[in-house]
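K.L.:
Below is one structure. I have some questions about it.
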Amino acid sequence: MLDETGLKPAWSPESFKDLDADLRQSMERVRRSPFLVETGQVRGFVFDVHTGLLREVV
């Protein structure tokens, strides 16, 4: 993006090789967040754009 626009985004464009592992890591970040009162019911899902199905990751 920097080469194309001359601007660097303020956020990191994270990529991943293992979708489920990345989602589990994100869910753990939410569970550990000091800004949320209740984090006992954190759930994560992956949407398959080819089938239209939603799959829960535990």
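K.L.:
If you roll a 1.4 Å probe over the chain with all protein chains in place, what percent of the accessible area is carbon or sulfur?
P.N.:
About 56 percent, which is the carbon plus sulfur part of the accessible surface.
K.L.:
Let me ask you something else. What number comes out for accessible area per residue over the chain if the probe is 1.4 Å? Units Å², please.
P.N.:
94
K.L.:
For n ≥ 4 DSSP H runs only, could you compute -39500 (n - 2.57) per run for the chain, divide by its residues and tell me the 222 nm figure to the nearest 500?
P.N.:
After summing the helix terms and dividing by residue count, I get -8000 deg cm²/dmol.
K.L.:
Rank by packing, highest mean first: peptides 49-56, 38-45, with packing defined as the count of other Cβ atoms within 10 Å averaged across residues.
P.N.:
The densest-packed peptide leads the list: 38-45, 49-56.
K.L.:
Defining a contact as two alpha carbons under 8 Å apart and six or more residues distant in sequence, what relative contact order in percent does the chain show?
P.N.:
23
K.L.:
Treating the beta-carbon of each Lys and Arg as +1 and of each Asp and Glu as -1, no other charges, what is the dipole magnitude of the chain about its Cα centre, to the nearest 20 debye?
P.N.:
In debye, rounded to 20, the chain gives about 260.
The values are calculated or read from the model by the stated rules, or taken from the named source; none is laboratory data. Everything quoted here is computed from the prediction, not taken from an experiment. Quick reminder, even Gly has a Cβ in these numbers, built from the backbone with ideal geometry, and neighbours come from all protein chains shown. For accessibility, only protein heavy atoms count, side chains too; no ligands or nucleic acids. Shrake-Rupley method; radii C 1.70, N 1.55, O 1.52, S 1.80 Å.
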